[in-house]
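**Student:** My questions will all concern the structure given below.
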Amino acid sequence: MSKYTPLQASSASIVPKFTALISVVFMSYAAQLIIRSKSRFQCMYHRMFLGLAFHTILSNLTFLVGTWAIPSNLEGYFMNIGNVATCKTEAFFAELSSGALLYVAAICLTSCLAIKHDFKETKYVNLELKIHIICNLIPLVAACALILSNHEGPERIRCLVSDPFEACRTPEYVRQFPERCRDDGMPTSKFKVSSAFYSFVIPLLSFIIGFLFLLIMLGIESKKRRLHRSLHGKRLFMETARKKKSKQYLLVCTLHLFIYTIASIMCNRLWRDESLAYDLVAAICATSTGLVNVIVYLKVLKKPQDEVENYQLLTKHSLRKSTVESIIHISGGFQPDMHDRSVSLASNNVSKDTTDFGIFIGGDDDDDDEEDADFYDCKLKTPKSLYLHPVQEETLESQKHCSTRNNSDNVTQVGAESFK
């Protein structure tokens with residue numbers, strides 16, 4: 001039985017529905033982004049976030065239904081038009097949605113493995129199926145056990161695990177389960193322990209695992225940075241890209257854990273009071289987790305996943321074998337003005353391979369000097385034409401080894417044709 005007045009009961013029932021609906025919309029948007037994008041779906045973090053989105057949507061849907069599922073014969077609730085079956089169903093899905101907390105721990109675990117193995121998912125991808133099974137099986141078993149043991153009941157704004165103290169103050173509940181309440185209206189110790197088990201075991205387990213792997217991530221990253229201090233050249237560039245990506249993963253894990261920790265603390269019945277304001281704040285925090293997680297997902301990982309990742313590109317290909325479009329991504333600095341005419345003309349050729357620009361970045365035949373010999377009279381070490389580019393003049397000065405040519409007429413003819 002709720003202790004709210006009719007006006008307070010209506011406020012407590014209606015306000016969380018708006019935030020729950022917003023979270024459902026935003027989480028659905030993030031889920032379809034992952035499903036429709038092949039590049040996003042190939043990354044383990046996005047697949048883990050898809051599981052997180054599924055369970056968060058379930059949780060927010062139970063808040064959206066809210067008091068509608070509470071049996072209509074109970075007093076003190078606003079628009080409670082349900083029955084025992086609807087209350088059990090809502091409590092089942094509310095307990096099942098606790099898998100979102102396990103997925104937060106799973107994100108921390110996979111992020112730790114990613115940092116440890118330098119983001120090479122092939123080394124730990126075999127664990128993914130097991131992680132998905134655990135994150136879905138544990139809440140499913142807990143939800144079934146909750147319903148079979150009849151520990152569900154109406155909370156203040158939805159059906160969930162019964163609050164032992166409120167349940168024992170309800171005459172209907174005492175008549176139905178007299179063994180769970182004492183004569184003085186207080187719950188038995190067994191009833192309190194069983195209710196606490198369904199309410200706190202999964203959240204507590206998730207937070208312990210999440211914070212543990214977050215600390216392990218910090219230790220691994222600190223060790224890698226100490227070992228890679230003396231790197232130079234390309235390896236230094238690779239290490240810079242790796243540190244940037246590790247920082248993103250650490251920030252994402254910290255924010256996900258912080259969001260659900262605050263929401264769980266606010267919704268914890270151990271220190272919440274009977275005030276309407278506190279219950280509204282707790283409900284808004286719980287129903288806003290989906291919205292805030294989507295913001296974290298879109299803003300922290302703001303780099304499009306269909307771009308070539310810096311670290312993966314450098315570990316697989318050299319700069320000379322990359323495409324012109326990829327070089328723009330890995331340089332990461334200059335952003336040209338797309339309204340400039342020169343940029344618009346150059347953008348038509350971004351699909352060309354970098355071998356077309358071998359004079360700038362090198363090619364497979366850079367060591368072959370046979371064609372270069374045609375530009376110079378090696379015997380006299382003088383150019384065969386008066387029209388030389390400054391780059392050719394510098395090359396001429398640095399040239400030390402030339403093959404001798406006896407047929408000067410043929411050399412002059414070739415030189416003249418080359419610089420027409």
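Where a number appears in this text, it was derived from the coordinates with a stated rule and is not lab data. From a predicted model like this one, the values you see are computed outputs, not experimental measurements. Note: ideal-geometry Cβ built from the backbone for every residue, glycine included; neighbour counts use all protein chains shown.
**Student:** How many percent of all Cα-Cα pairs in region 164-215 sit more than 17 Å apart?
**Tutor:** When every Cα pair of region 164-215 is considered, 47 percent fall beyond 17 Å.
**Student:** Which semi-axes, in whole Å and largest first, does the equivalent ellipsoid of region 198-277 have when worked out from the alpha carbon gyration tensor as the square roots of 5 times its eigenvalues?
**Tutor:** Whole-Å semi-axes of the equivalent ellipsoid: 39, 13, 8.
**Student:** While we're on this one: With the Cα gyration tensor of region 124-244 in hand, give its eigenvalues times 5 under a square root as the equivalent ellipsoid semi-axes, listed largest first in whole angstrom. Walk me through the numbers before you get to the answer.
**Tutor:** Numbers: eigenvalues 511, 47, 23 Å².
Its equivalent ellipsoid spans semi-axes of 51, 15, 11 Å.
**Student:** With θ set to phi - 60°, apply the Karplus curve 6.51 cos²θ - 1.76 cosθ + 1.60 along region 279-285 and write out the HN-Hα couplings as whole Hz, x wherever there is a Gly or Pro.
**Tutor:** Here the 3J(HN,Hα) series is 5, 5, 4, 5, 5, 5, 4 Hz.
**Student:** Let me ask something additional. Given a cut-off of 23 Å, name the pairs among K116/K234; K116/K244; K17/K38; K120/K247; K130/K244; K223/K247 whose C-alpha atoms lie farther apart than that in the structure shown.
**Tutor:** Checking Cα-Cα distances, K17/K38; K130/K244 exceed 23 Å.
**Student:** What's the local net charge at A106, with K and R +1, D and E -1, over the other residues with C-beta under 12 Å away? Before the final figure, lay out each step's value.
**Tutor:** Working: positive: R47, K130; negative: E128.
Neighbourhood net charge equals +1.
**Student:** Would you please give the FRET efficiency between Q248 and L21, computed as 1/(1 + (r/R0)^6) with r the Cβ-Cβ distance and R0 = 35 Å, to the nearest 0.05?
**Tutor:** The pair Q248/L21 has a calculated efficiency of 0.70.
**Student:** Then there is this: For region 29-124, how big is Rg over Rh, using alpha carbon atoms and the Kirkwood form of Rh?
**Tutor:** Looking at region 29-124, the ratio lands at 1.19.
**Student:** For region 89-95, what does the Karplus curve 6.51 cos²θ - 1.76 cosθ + 1.60, with θ = phi - 60°, yield as ³J(HN,Hα) per residue in whole Hz, taken in order and with x for Gly and Pro?
**Tutor:** 5, 5, 5, 4, 6, 5, 6
**Student:** Starting at 0 and stepping by 5 Å, how many percent of the alpha carbon pairs of region 90-170 end up in each bin?
**Tutor:** Taking every Cα pair in region 90-170, the percentages come to 3, 14, 19, 15, 13, 10, 9, 7, 6, 3, 1, 0.
**Student:** Take the alpha carbon atoms of region 1-68, find their radius of gyration, then divide it by 2.2 N^0.38 Å using N residues; give the quotient.
**Tutor:** Ratio of Rg to 2.2 N^0.38 Å for region 1-68: 1.48.
**Student:** Taking region 219-262 as the region of interest, what is the percent of Cα-Cα pairs per 10 angstrom bin, listed from the shortest bin to the one with the maximum distance?
**Tutor:** Going from the shortest bin to the longest, the percentages are 25, 42, 22, 10, 1.
**Student:** Near the amide H of C181, under 5 Å away, which other amide H atoms are found, from residues 5 or more places off or on another chain, if H is placed in the peptide plane?
**Tutor:** Here the answer is T188, since their amide H atoms fall under 5 Å of that of C181.
**Student:** Hey, how many Å between the Cα centroid of region 108-146 and the Cα centroid of region 190-236?
**Tutor:** The two parts, judged by their Cα centres, are 13 Å apart.
**Student:** Hey, what do the phi angles of region 288-295 turn into as Karplus ³J(HN,Hα) couplings, whole Hz, using 6.51/-1.76/1.60 and θ = phi - 60°, x for Gly and Pro?
**Tutor:** 3J(HN,Hα) across region 288-295, in whole Hz: 8, 4, x, 4, 5, 5, 5, 4.
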